[in-house]
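Working notes, beginning with the structure itself.
Since every read-out is calculated from the coordinates, none of them should be taken as a lab result. Bear in mind the structure is a predicted one, so any value in this text is a computation, not a measurement. Don't worry about glycine lacking a Cβ; one is built from the backbone with ideal geometry, like all the others, and counts go over all protein chains shown.
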Amino acid sequence: MTPSGSAYLFTAGEDKVGVGDGHGNWGNPGTLLAAHPNPFRSKTSISFALEEPGFARVTVLDIRGRRIRTVLEGAYPAGSRSVEWDGSTDQGTRVPSGVYFVRVETRELSRIRKVVFTR
């Protein structure tokens, strides 16, 4: 919930996830779309939208929840964004094949999507 009492709705593909105010009212919606392609070999595109200008961060976590890459971080205008992850860490080394989690965060919410990297 925000200080004004409004809540936010995020969608992941066709499934709605998030919180409302208990009366069927949703605050400013945002969108976290599935990474495409998924699974992927060389790179995957991560799309999300901000309904209002604000902070956004996209990070990649390993199976243990450790941050291995910050793909995007900063203040952005409202609208759709797409960023790519090439299967590398912040240090530039390639990750092994496996399951990873892409986390999209705003000041109000954090959402996670599973991705699979194959070699």
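The table for this structure:
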{"quantity": "Table column - 3J(HN,Hα) (Hz), region 58-70, Karplus curve with 6.51, -1.76, 1.60, x for Gly and Pro", "calculated": "10, 10, 10, 10, 7, 5, 8, x, 7, 6, 10, 7, 9"}
{"quantity": "Principal axes of region 30-117: Cα extent on each, largest first, Å", "calculated": "36, 22, 20"}
{"quantity": "³J(HN,Hα), Karplus 6.51/-1.76/1.60, whole Hz, each residue of region 76-85, x for Gly, Pro", "calculated": "9, x, 4, x, 7, 9, 9, 10, 10, 10"}
{"quantity": "Nonlocal amide H pairs with GLU84, under 5 Å, H built at 1.01 Å", "calculated": "ILE46"}
{"quantity": "Neighbour net charge for SER97 - beta-carbon separation under 11 angstrom, K R +1, D E -1", "calculated": "+3"}
{"quantity": "Charge sum, other residues only, whose C-beta stays under 14 Å from PRO53's C-beta, Lys/Arg counted +1 and Asp/Glu -1", "calculated": "-1"}
{"quantity": "Table column - 3J(HN,Hα) (Hz), region 37-52, Karplus curve with 6.51, -1.76, 1.60, x for Gly and Pro", "calculated": "x, 8, x, 9, 10, 10, 7, 10, 9, 10, 10, 8, 9, 10, 6, 10"}
